[in-house]
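Asker: One structure is given below, represented as structure tokens, and several questions about it will come after.
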Amino acid sequence: MTANEDQEMELEALRSIYEGDECFKEVSPVSFQFRIGEQDDSKAFILDISWPEMYPETAPEISLDGFFNKKISSETKQLIISGLEEQVEANLGTAMMYTLFEWAKDNQEALMENHQAVVTAVTLTSNSDLNAPAKKKEKKEQLTKSQKRKITCRTDNKGELPRGWDWVDVIKQLSRTGGKEED
């Protein structure tokens, strides 16, 4: 059998075995993800395995670099990958995906016994902490609707007050001071 025929047969077998299993995901016909453990378990991880062109005669590519695995330390990841690579060496030349997935499920506790969740810290900085000069925005005075309406009623389309707009104030001033009568 050629490598392609072996891959097609294994792909068909994987699809039938893991049909409806939420832990298994076929990313492409040659790339797969398998979650070991429950979704909310701190010791759960996802295996990313892809087949090179000559698989199963050559070893599959195994990765734990997915976002789901960001909480796992690099030492624990290396322990998991080295254990899987031993299984790959023992099964080279045969269909091994099911074997790898089951080995990882069976050995999850041993692989993750020294697991300490990696915590990534996010630091927040304010604008005053940055070296770049901060531009302050001028606050405009907030007007009520009635104040805005009064302003628009008084001004023309250019925003200028019309000539004689304050004539009422002039008349009030004259009535207080009284006009001088000429004889």
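The values are calculated or read from the model by the stated rules, or taken from the named source; none is laboratory data. Keep in mind that this is a model prediction, so the values were computed, not measured. Glycine gets a Cβ as well: all are built from the backbone with ideal geometry, and neighbour counts include every protein chain shown. Keep in mind that these areas ignore ligands, DNA and RNA; they rest on the heavy atoms of the full protein, side chains included. Shrake-Rupley method; radii C 1.70, N 1.55, O 1.52, S 1.80 Å.
Asker: For segment 1-24, which positions are in a loop (DSSP other than H, G, I, E, B) and either in contact with a helix residue (DSSP H, G or I) (Cβ under 7 Å, 6 or more places away or on another chain) or open to solvent by less than 50 Å² (accessible area, probe 1.4 Å) (or both)?
Answerer: Narrowing segment 1-24 to residues in a loop (DSSP other than H, G, I, E, B): 1-2, 18-23.
Scanning segment 1-24 gives Y18, C23.
Asker: A further question follows. For segment 15-28, give me the residue count where each residue is of a type outside the set (D, E, K, R) and closer than 13 Å to S50 by Cβ.
Answerer: Kept after step one, since they are of a type outside the set (D, E, K, R), are these residues of segment 15-28: 16-18, 20, 23-24, 27-28.
Imposing the further condition that a residue be closer than 13 Å to S50 by Cβ reduces the set to 27-28.
Final tally of qualifying residues: 2.
Asker: Which one of the conditions (1) assigned to a loop (DSSP other than H, G, I, E, B); (2) open to solvent by 100 Å² or more (accessible area, probe 1.4 Å); (3) at pLDDT 75 or above does P133 fail to meet, given that it meets all the rest?
Answerer: P133 satisfies every listed condition except (3).
Asker: Looking only at segment 25-49, which residues are without any contact (Cβ under 8 Å) to a residue 40 or more places away in the chain, over 22 Å from the mean Cα position of the chain (by Cα) and open to solvent by less than 50 Å² (accessible area, probe 1.4 Å)?
Answerer: S28, S31
Asker: Separate question: Just one of T99, T94 is surrounded by 12 or more Cβ atoms within 10 Å (Cβ to Cβ), under 19 Å from F32 (Cα atoms) and modelled with pLDDT of 80 or more; which is it? Working first, answer last.
Answerer: On the way: T94 fails: surrounded by 12 or more Cβ atoms within 10 Å (Cβ to Cβ).
Among T99, T94, only T99 is surrounded by 12 or more Cβ atoms within 10 Å (Cβ to Cβ), under 19 Å from F32 (Cα atoms) and modelled with pLDDT of 80 or more.
Asker: Could you please tell me which pairs satisfy a Cβ distance under 8 Å, a separation of 6+ or placement on different chains, a first residue in segment 91-114 that is closer than 17 Å to K71 by Cα and assigned to a helix (DSSP H, G or I), and a second residue that is open to solvent by 40 Å² or more (accessible area, probe 1.4 Å) and not hydrophobic (A, V, I, L, M, F, W, C)?
Answerer: As it stands, the answer is Q108/K43; E109/K43, since those pairs meet every condition given.
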